[in-house]
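**Q** Would you mind keeping the following structure in view while I ask a few things?
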Amino acid sequence: MSPSEQRSVSFGAPVVQLSEEDLALLHALQIAPRVPWLEAAEILGAHPATLARRWERLRQTGLAWSTAHLRGDPAEMVVAFVDVECDPGQREEAVAALAAIPEAQTIDVATSHPDLSLTVFARSLVDCAERVLPQIAAAPGVNRIQSELCTRLHSGGHSWRLAALDRAQIAAFAELGRIEPFTGSLPAACFDLLPLLVRNGRASAAEMSRELGRSPATIHRQLAKVLGSGLLSFRCEVAQGPAGYPVACKWLAKVPPGQHAQAAAAIGGLRNVRLVASTTGQTNFTIMMWLRTVADVMTAELTIQERIPGIELVQSTVMLRAVKRVGFMLRADGTTTGEVVASPALID
């Protein structure tokens, strides 16, 4: 073992399990999630078949996956952040029950209060208050819940990047990722495509044609409308730990009224940021970052305070692990099982 490897093990530095080629491919798919392999190969300097095999290996092992989900725009739906306290010794029972709730899109297990942190999507305030939140509160092992509503989603996981490409490659994939806008109302038949794209954001027209029993030409037209509508956010997700970011930390903060947009812009360019949202409640600003070590939590806090004068960091919570991320069930190491528990009803 080399001295550098010894230091890595001794001090607990994260081990990146993905190769440079893997990281470059995943960064490309984060920018242009549905880019054809032929066009991606020209930019990455690889053979299209090699990229296809690499992606299939990453997908089959659960190290990466592609999905589509609702944008989470509070102007169109309800997004709630729900903190859950569990009965002593019943956290795992609560986790299993909550993960089965489709509207509980993301579930993180925390190191301290709260026991669990959920991101919930609901059709409306009535739906959230009268159906979804009571279902969460009534789940086995749940002792108490507290929820805050997202009033503005400044940035989310769909905009997080691995930073494995150079500027020219980033610009090239950004150009390939451009989509022709569709401004009309989506025909009812288009909504049949949405659950398929949730399960696989790179599902081809041929695959959807076979599953839905429609002609490829029809699927092509419908898919173009779905993509251009902006209804969905497409993302290429990656297993957090194997990518070298095993630590997730969430901060609840207070930002002076009228300064939320400036605050979000001030930290929006930080590579580690996974979530920036304005909320209701005693705190009004939520930040989540993926970090390499627990020691980086203090560095991140200093950076936040330097970039956002006047911010008050009220609470920080380090997450032990993620159980579910935007509908996809995860193993303890952050890889996905491939099982999707999301609500098609939200996008009917």
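The values are calculated or read from the model by the stated rules, or taken from the named source; none is laboratory data. It should be emphasised that the depicted structure is a prediction, and the values quoted were computed from it without experimental measurement. Ideal geometry is used to build each Cβ from the backbone, glycine not excepted, and the neighbour counts take in all protein chains shown. SASA here: full protein model, heavy atoms, side chains in, ligands and nucleic acids out. Shrake-Rupley method; radii C 1.70, N 1.55, O 1.52, S 1.80 Å.
**Q** Please specify each residue of segment 317-328 satisfying the condition of being crowded, with 18+ Cβ neighbours inside 10 Å, touching a helix residue (DSSP H, G or I) at 6+ places or on another chain (Cβ under 8 Å) and not charged (D, E, K, R).
**A** 323, 326, 327
**Q** Further, regarding this structure: If a residue has to be touching a residue at least 40 places away in the same chain (Cβ under 8 Å) and under 22 Å from the mean Cα position of the chain (by Cα) to count, how many in segment 266-283 make the cut?
**A** Going through segment 266-283 one residue at a time, the tally reaches 12.
**Q** Related question: Checking the condition of a type in the set (Val, Ile, Thr), open to solvent by 20 Å² or more (accessible area, probe 1.4 Å), in contact with a strand residue (DSSP E or B) (Cβ under 6 Å, 6 or more places away or on another chain) and assigned to a loop (DSSP other than H, G, I, E, B), which residue from 314, 294 passes?
**A** The conditions single out 294.
**Q** Can you name every residue in segment 47-81 that is open to solvent by 30 Å² or more (accessible area, probe 1.4 Å) and within 28 Å of residue 231 (Cβ to Cβ)?
**A** Scanning segment 47-81 gives 52, 56, 59, 71, 73, 74, 75, 76.
**Q** Can you name the residue in segment 185-206 that is under 26 Å from residue 329 (Cβ atoms) and part of a loop (DSSP other than H, G, I, E, B) and, of all such residues, is modelled with the lowest pLDDT?
**A** 204
**Q** Could you identify the single residue in 306, 301 that is farther than 27 Å from residue 122 by Cβ, in contact with a strand residue (DSSP E or B) (Cβ under 7 Å, 6 or more places away or on another chain) and open to solvent by 40 Å² or more (accessible area, probe 1.4 Å)?
**A** 301
**Q** Within segment 104-141, can you find the residues that are part of a loop (DSSP other than H, G, I, E, B), of a type in the set (D, E, K, R) and at pLDDT 95 or above?
**A** If the condition is that a residue be part of a loop (DSSP other than H, G, I, E, B), of a type in the set (D, E, K, R) and at pLDDT 95 or above, then 115 is the only one that fits.
**Q** Just for segment 28-39: of the residues that are open to solvent by less than 20 Å² (accessible area, probe 1.4 Å) and in contact with a Leu (Cβ under 6 Å, 6 or more places away or on another chain), which one is farthest from residue 243 (Cα to Cα)?
**A** 35
**Q** When you go through 95, 84 one by one, which is the residue that is at negative phi, outside any helix (DSSP H, G or I) and either surrounded by 22 or more Cβ atoms within 10 Å (Cβ to Cβ) or touching a residue at least 24 places away in the same chain (Cβ under 8 Å) (or both)?
**A** Only one candidate passes the filter, namely 84.
**Q** Here is a follow-up. Take the conditions open to solvent by 60 Å² or more (accessible area, probe 1.4 Å), touching a Leu at 6+ places or on another chain (Cβ under 8 Å) and farther than 30 Å from residue 28 by Cβ and apply them to residue 111. Does it pass?
**A** So residue 111 passes the test.
**Q** Would you tally the residues in segment 232-274 being part of a strand (DSSP E or B) and open to solvent by 30 Å² or more (accessible area, probe 1.4 Å)?
**A** Here the count works out to 3.
**Q** Right, next: Take the residues in segment 331-348 that are open to solvent by less than 20 Å² (accessible area, probe 1.4 Å) and not in a loop (DSSP other than H, G, I, E, B); name whichever of them is modelled with the highest pLDDT.
**A** Here the answer is 336.
**Q** Restricting to segment 219-249, and then to whatever is of a type in the set (Lys, Arg) and touching a Phe, Trp or Tyr at 6+ places or on another chain (Cβ under 9 Å), can you tell me which residue is farthest from residue 159 (Cα to Cα)?
**A** 225
**Q** Could you please tell me which pairs satisfy a Cβ distance under 7 Å, a separation of 6+ or placement on different chains, a first residue in segment 20-37 that is free of Cβ contacts under 8 Å to residues at least 60 places away in the same chain and more than 18 Å from residue 160 (Cβ to Cβ), and a second residue that is open to solvent by less than 10 Å² (accessible area, probe 1.4 Å) and not acidic (Asp, Glu)?
**A** Filtered contacts from segment 20-37: 37/51.
**Q** Those residues that are polar (S, T, N, Q) and either touching a Ser or Thr at 6+ places or on another chain (Cβ under 6 Å) or at pLDDT 95 or above (or both), I need them from segment 142-183; list them, please.
**A** 143, 146, 147, 151, 169
**Q** Keeping to segment 153-184, report how many residues are surrounded by fewer than 17 Cβ atoms within 10 Å (Cβ to Cβ), touching a helix residue (DSSP H, G or I) at 6+ places or on another chain (Cβ under 9 Å) and not in a helix (DSSP H, G or I).
**A** The qualifying residues number 9.
**Q** Please work out if residue 209 is in a strand (DSSP E or B) and open to solvent by less than 60 Å² (accessible area, probe 1.4 Å).
**A** Here the answer is no, as residue 209 does not meet what is asked.
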